[in-house]
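Take a look at the structure set out below.
The values are calculated or read from the model by the stated rules, or taken from the named source; none is laboratory data. For clarity, every value in this text was computed on a predicted model and none was experimentally measured. Ideal geometry is used to build each Cβ from the backbone, glycine not excepted, and the neighbour counts take in all protein chains shown. Ligands, DNA and RNA are stripped out before the accessible areas are found, and what is left, the full protein with its side chains, is counted by its heavy atoms. Shrake-Rupley method; radii C 1.70, N 1.55, O 1.52, S 1.80 Å.
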Amino acid sequence: MSPFWRLERLLPEYVKNFEAYIPSRPDAELMKLFGCARLHRLNNNENPLGPSEEAKKAIHSFDLKKVATYPSGDSFYLRNRLAQLFHKTRDQFLVGNGANEVIAFVIKAFCEQGDNIITADKTFAVYEWVAKFSGLEARMAPLNNFEFDEQRMLDLIDKKTKIIFVCNPNNPTGTFWNVSRFKAFMQSVGPDRIVVLDEAYAEFVEDESYPDGIRLVEEYDNLVVFRTFSKMYGLAGLRIGYLCANEQTVNAIRKTCVVYSVNGLAQTAALASLESNDHVRQTRELMKQAKYFLKEQLEELSLDYVIGEGNFIMVKLPMSDTLAYRMLMKRGLMVRTMSGFRFPGYIRVSISHLDVMGELVDGLRFILK
Amino acid sequence: MPKVESGKVELVANSDLSFLRVATSYVESASLAFGLGETETLSLTIAVEEIFVQLCKIMLPTDTIRINVFGSGFEVVLEFIFSSHDLDLRSFNMVCVPDDSGDFECNDETGMIIASRMVDSFSLESSESHLKLKLVKEKYYPEIEHLSVVTPAPSGALDIREAGVDELKELTRMASVNYTQAAVPESFKFPGKVVDMASVGYLKTAVAKDNSGVLAGGLVWKSESDKLVTFRGPYVAPECRGTDIASRLVDYMLEHVARTNALGVMSTWPSSDLPTQMFENLGSQFFFEDGRQQEVNAYFRLLNEDDGNVVTVHPCMVDFLREKYLDLFLARHIDTFSDSGETRAAHSVLSAFILRMSNRIILRPVIYGRDAVENIKAHVNFLMADGLTNIFFQMDLGFADNGRFAPALIHNSFQPRIVVPMAGKSDMVIFQYIPGGDH
Ligand SMILES: Cc1ncc(COP(=O)(O)O)c(C=O)c1O
């Protein structure tokens, strides 16, 4: 038998049918292929200001000897500090190699063959992906006017529903449920299923009515909240994020977590990030200015847009988004096409410095010609 | 949607003529069980007999042949799978190219040719170690003459959703009376078949309806391969022309194919209502029939971000590709190979995917050999003589051996027409045979 036939027999059907995600190539490769002299990555919602001064200092003074030894397997000091900041216990936190890894922890902990998870059709894809390649059904409720639609999600619940993922604010639409809306949803779901509130972009939201999931964990035993150091804290390259829930829930999830997946440098930098106030303020200020600038410019170009919370916006183009991607790449501007988020014809742009946003507007003007 | 007969049966037999009856009666009972009529079953049985006999001639009696029969409601698919080890693969060309050595006998009509005439589609696929002959026979469906009837005009808000049985039949009628023949699939003449295709998930559908259930438009699509989705339409009720309904139908399809394995969506026969600004124009192909020709643009869009690639091609392809890639803003580094006199197989093998009903042949390279020019010429002569006038050649730039056919194709009046990004292992160049040369 050829290796191909053997593999065919070994692979479960749901893995065979799954298409692996192909990440973009390194900058140098892309610049060579597209023939551009520099590249602005506006595709992954990173912080254009990078990490805070405190984090940079911690990274510079990281003791190289530590590289040879295993890190704290459960991010001990980081969890201590998070507990202190949020008035919780250390065991209410579980740290992972990015929020992406904790998504997998939660699904592995609660779901078995035959179970399903519920999320929205047009949201961050990883919940759906992990469910699908684990052989679980991912049920998708359509958004309503760019917002998560609680009734459509509730309608999808059945006996086999284990987890409901709510992305708040939603990537890519920037919409969010306020406290009362979220509480009403928790009430309707009841205590028998896990509700995950993905707050990857929480630190960007200034609206008073935004629900602080970490505080709400005290009210709902079945609530699990995700946060990450990749977005506001500018540590995407170090891969570190965490979840917070009540202690019993976290203890259950911990069983499926891979220890030592979070490296020491990431733990040190994350810990230092938590000490900075300026960084959050400066980032929010930049977001405000750049969004204001973009709104004006997009209106001038007669382009529809969706600007909400978070460090990204969506723009509707009168053309194929994947063609627009390649045209913008030739000008050194890398955006995220939204076909894969089921928003064909839209692109998502991560907010960056004003001069880069100016280049983006020039790029858009060029492709509209 | 009603349930239709579907399933799979398998037979493994030695390639020994004493098992011929076993093979034919097995295929006969399977195809009847999967709902084919007696006439269609008889055609399929004749095809099996021809192929089995031909395989017995070139294989050892100890070799085995796997015969799979799949029923999918509207058609029966028959596969012969066998090891290609030690076989003279020349036998799998549709036509025979005589050579001087005299060690290969050329008959006028190979069993494969006879078999191909008995079925609706016929193709040869090769993997590293196996060959697969695939024959498809469709169920009989009555042809419906679609009549123009007076229907109320759709009004108010429109909802887009998957078509139910009656909605799908209504769509075949609405499209057939309002659009040119070329813009509507052949299958729309057989609404029963379209319904069966949809009920087994082979065909996906979208219809736009108003609150009282009046049809405003529709669109159908299917997976052409792992990576490519093709669609027909969008069809819009005359009262709704010029509204955003066509774009909404296209968006509905795109949202459904996003996050699947598909990398691209294409229509080589779009309707006049296609919102072309949402697609990329890949260039045109011709359709030749009854001495007339029609030129149609192929519209395409990728579903993902193409981060560029390196392709290695024959020097004669460089200008064509450079221009296409520039037009499509595709980042491609073009490398070339040339023939430096290295030893090559003497004989080439082509697979012919024959779609008799729609008068279309797609030639695909299996093995490159020194006789490529003669082999292509022999295929063209044979197919044209058989009344098949639309001959295409698919070249996957992901396989160097594919690319070697380029000069032989050009020599035989084939023109590279379009490049479909990432439709194979890499980009797919579609050549078309242009009778009489320049067009
Ligand atoms: C909503 C959402 N959740 C989670 C993540 C994953 O973040 P991390 O980098 O921590 O894995 C992202 C990253 O884009 C995101 O947008």
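Taken over segment A:270-281, residues that are open to solvent by less than 20 Å² (accessible area, probe 1.4 Å) and either modelled with pLDDT under 95 or over 9 Å from A:Ser52 (Cα atoms) (or both) amount to 2.
The condition of being modelled with pLDDT of 90 or more, open to solvent by 30 Å² or more (accessible area, probe 1.4 Å), under 19 Å from B:Arg364 (Cα atoms) and of a type in the set (D, E, K, R) holds for only one of B:Lys134, B:Lys139, that being B:Lys134.
Go through the residues of segment A:168-177 one by one and say whether even a single one is away from chain B (no Cβ under 14 Å), assigned to a loop (DSSP other than H, G, I, E, B), under 18 Å from the mean Cα position of the chain (by Cα) and more than 12 Å from the ligand (Cβ to nearest atom).
Yes, segment A:168-177 contains a residue that is away from chain B (no Cβ under 14 Å), assigned to a loop (DSSP other than H, G, I, E, B), under 18 Å from the mean Cα position of the chain (by Cα) and more than 12 Å from the ligand (Cβ to nearest atom).
Mind listing just one residue for me: the one in segment B:151-199 that is among the β-branched types (Val, Ile, Thr) and over 22 Å from B:Ser272 (Cα atoms) and, of those, surrounded by the most Cβ atoms within 10 Å (Cβ to Cβ)?
Narrowing segment B:151-199 to residues among the β-branched types (Val, Ile, Thr): B:151, B:160, B:165, B:172, B:177, B:180, B:184, B:194-195.
Subsequent filtering for residues that are over 22 Å from B:Ser272 (Cα atoms) retains B:165, B:195.
On the way: B:Val165: 15, B:Val195: 24.
Within segment B:151-199, the match that is surrounded by the most Cβ atoms within 10 Å (Cβ to Cβ) is B:Val195.
Every condition in (1) within 20 Å of the chain's Cα centre (by Cα); (2) away from the ligand (no atom under 11 Å from the Cβ); (3) open to solvent by less than 30 Å² (accessible area, probe 1.4 Å) holds for A:Asp207 except the one numbered (3).
The number of residues in segment A:307-354 being farther than 26 Å from A:Ala120 by Cβ, open to solvent by 10 Å² or more (accessible area, probe 1.4 Å) and away from chain B (no Cβ under 11 Å) comes to 3. Filter segment B:248-276 down to the residues that are without any contact (Cβ under 8 Å) to a residue 40 or more places away in the chain, more than 9 Å from chain A (Cβ to nearest Cβ) and not in a loop (DSSP other than H, G, I, E, B) and list them by number. Answer for segment B:248-276, where residues must be without any contact (Cβ under 8 Å) to a residue 40 or more places away in the chain, more than 9 Å from chain A (Cβ to nearest Cβ) and not in a loop (DSSP other than H, G, I, E, B): B:Ser267, B:Thr276.
Against the numbered list (1) within 16 Å of the ligand (Cβ to nearest atom); (2) within 22 Å of A:Ile117 (Cα to Cα); (3) open to solvent by less than 10 Å² (accessible area, probe 1.4 Å), A:Ala200 comes up short only at (3).
Examine segment A:285-292 for a residue that is more than 16 Å from the ligand (Cβ to nearest atom), outside the structural domain of A:Ile194 (by TED's automatic domain parsing) and among the small types (Gly, Ala, Ser), and state whether such a residue exists. Scanning segment A:285-292, I find at least one residue that is more than 16 Å from the ligand (Cβ to nearest atom), outside the structural domain of A:Ile194 (by TED's automatic domain parsing) and among the small types (Gly, Ala, Ser), so the answer is yes. For segment B:279-325, a residue qualifies if it is away from every other protein chain (no Cβ under 14 Å) and under 18 Å from B:Ser338 (Cα atoms), and the qualifying residues are B:Thr312, B:Val313, B:His314, B:Pro315, B:Cys316, B:Met317, B:Val318, B:Asp319, B:Phe320, B:Leu321.
Being away from chain A (no Cβ under 14 Å), more than 28 Å from B:Leu36 (Cα to Cα) and out of contact with any Lys or Arg (no Cβ under 7 Å at 6 or more places or on another chain), is that true of even one residue in segment B:185-202? No, because not a single residue in segment B:185-202 is away from chain A (no Cβ under 14 Å), more than 28 Å from B:Leu36 (Cα to Cα) and out of contact with any Lys or Arg (no Cβ under 7 Å at 6 or more places or on another chain).
Suppose the filter is in the same structural domain as A:Ile214 (by TED's automatic domain parsing), open to solvent by 50 Å² or more (accessible area, probe 1.4 Å) and within 16 Å of the ligand (Cβ to nearest atom); does A:Phe146 pass it? Full working, then the answer.
Values: in the same structural domain as A:Ile214 (by TED's automatic domain parsing): yes; open to solvent by 50 Å² or more (accessible area, probe 1.4 Å): yes; within 16 Å of the ligand (Cβ to nearest atom): yes.
Answer is yes for this residue.
Of all residues in segment B:152-194, those satisfying the criterion of being of a type in the set (Ser, Thr, Tyr) and either in contact with a Leu (Cβ under 8 Å, 6 or more places away or on another chain) or within 27 Å of B:Arg292 (Cβ to Cβ) (or both) are B:Thr172, B:Ser176, B:Tyr179, B:Thr180, B:Ser187. Inside segment B:326-347, residues that are touching a residue at least 60 places away in the same chain (Cβ under 8 Å) and either among the polar types (S, T, N, Q) or within 14 Å of chain A (Cβ to nearest Cβ) (or both) make up a count of 3.
Tell me which residues, restricted to segment B:150-169, are assigned to a loop (DSSP other than H, G, I, E, B) and farther than 20 Å from B:Val257 by Cβ.
Residues of segment B:150-169 assigned to a loop (DSSP other than H, G, I, E, B): B:150-157, B:162-164.
The answer is B:Val150, B:Thr151, B:Pro152, B:Ala153, B:Pro154, B:Ser155, B:Gly156, B:Ala157, B:Gly164.
Could you list, in sequence order, the residues of segment B:41-73 that are under 17 Å from B:Ser6 (Cα atoms) and either of a type in the set (Val, Ile, Thr) or open to solvent by 10 Å² or more (accessible area, probe 1.4 Å) (or both)? Hits for segment B:41-73 are B:Thr41, B:Ile67, B:Val69, B:Phe70, B:Ser72. Right, B:Ser31: open to solvent by 40 Å² or more (accessible area, probe 1.4 Å) and polar (S, T, N, Q) or not? Answer is no for this residue.
Could you list all residues from segment A:31-48 that are assigned to a loop (DSSP other than H, G, I, E, B) and either within 14 Å of another protein chain (Cβ to nearest Cβ) or open to solvent by 60 Å² or more (accessible area, probe 1.4 Å) (or both)?
So the first thing to find is which residues in segment A:31-48 are assigned to a loop (DSSP other than H, G, I, E, B), and the list is A:35-39, A:42-48.
Across segment A:31-48, the qualifying residues are A:Gly35, A:Cys36, A:Ala37, A:Arg38, A:Leu39, A:Leu42, A:Asn43, A:Asn44, A:Glu46.
Identify all residues within segment A:154-197 that are open to solvent by 10 Å² or more (accessible area, probe 1.4 Å), hydroxyl-bearing (Ser, Thr, Tyr) and more than 21 Å from A:Glu46 (Cα to Cα); write none if there are none. If you could, list the steps in order and put the result at the bottom.
Of segment A:154-197, the ones open to solvent by 10 Å² or more (accessible area, probe 1.4 Å) are A:154-160, A:162, A:175-176, A:178-181, A:183-184, A:187-194.
With hydroxyl-bearing (Ser, Thr, Tyr) added as a condition, the list becomes A:175, A:180, A:188.
Once the filter is applied, which keeps residues that are open to solvent by 10 Å² or more (accessible area, probe 1.4 Å), hydroxyl-bearing (Ser, Thr, Tyr) and more than 21 Å from A:Glu46 (Cα to Cα), segment A:154-197 yields A:Ser180, A:Ser188.
Of the residues making up segment B:121-144, those that are out of contact with any helix residue (DSSP H, G or I) (no Cβ under 9 Å at 6 or more places or on another chain) and either within 14 Å of chain A (Cβ to nearest Cβ) or not hydroxyl-bearing (Ser, Thr, Tyr) (or both) are B:Glu125, B:Lys132, B:Lys134, B:Val136. Listed by first and then second residue, the pairs with beta-carbon distance under 6 Å, at least 6 apart or on different chains, first residue in segment A:229-249 and free of Cβ contacts under 8 Å to residues at least 24 places away in the same chain, second open to solvent by 10 Å² or more (accessible area, probe 1.4 Å) and within 11 Å of the ligand (Cβ to nearest atom), form an empty list.
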